[in-house]
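Colleague: Provided herewith is a single structure, encoded as structure tokens, for subsequent inquiry.
The values are calculated or read from the model by the stated rules, or taken from the named source; none is laboratory data. Note that this is a predicted model, so its numbers are computed, not measured. Heavy atoms of the whole protein, side chains included, go into the accessibility calculation; ligands, DNA and RNA do not. Shrake-Rupley method; radii C 1.70, N 1.55, O 1.52, S 1.80 Å.
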Amino acid sequence: MRRLGIALLALGFLLTGCSSGWEGEVRFKVTEVLPERENKSGQLLKPHVLITLDQEMSKDEPALAKEGADLDQFPADVKAGDAVLCQVRSHDDNAFDDVGPKVTISSCRAA
């Protein structure tokens, strides 16, 4: 029983050590501001802002090409063509699955 506990503890440390992440401020260009709308299933979607990367990223930073976030993460007067700086968090909770890192974009402000 003791060996099982030690093995489970070691496995927990291994899985924790395999998660990776990156956090930082990234410059984007606003491409479109989408109003509240319904999807094909009739579900109401929040207003959303589509953005594209507007800076070079190093190989240690996450691959960001086209992203987006809810409108409440941007200044009230945001419009297409605006440059914004956003907090980006990329993390992979489980490096053993086939799911790529999750990217969260928040706290955007005018650049």
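Colleague: Excluding ligands, DNA and RNA, what is the solvent-accessible area per residue of segment 21-110 at a probe of 1.4 Å, expressed in Å²?
Modeller: 65 Å²
Colleague: May I ask you to give the percent of accessible area on segment 21-110 that is carbon plus sulfur, with a probe radius of 1.4 Å?
Modeller: Working: 2760 of 5870 Å².
On segment 21-110, the fraction of accessible area on carbon and sulfur atoms equals 47 percent.
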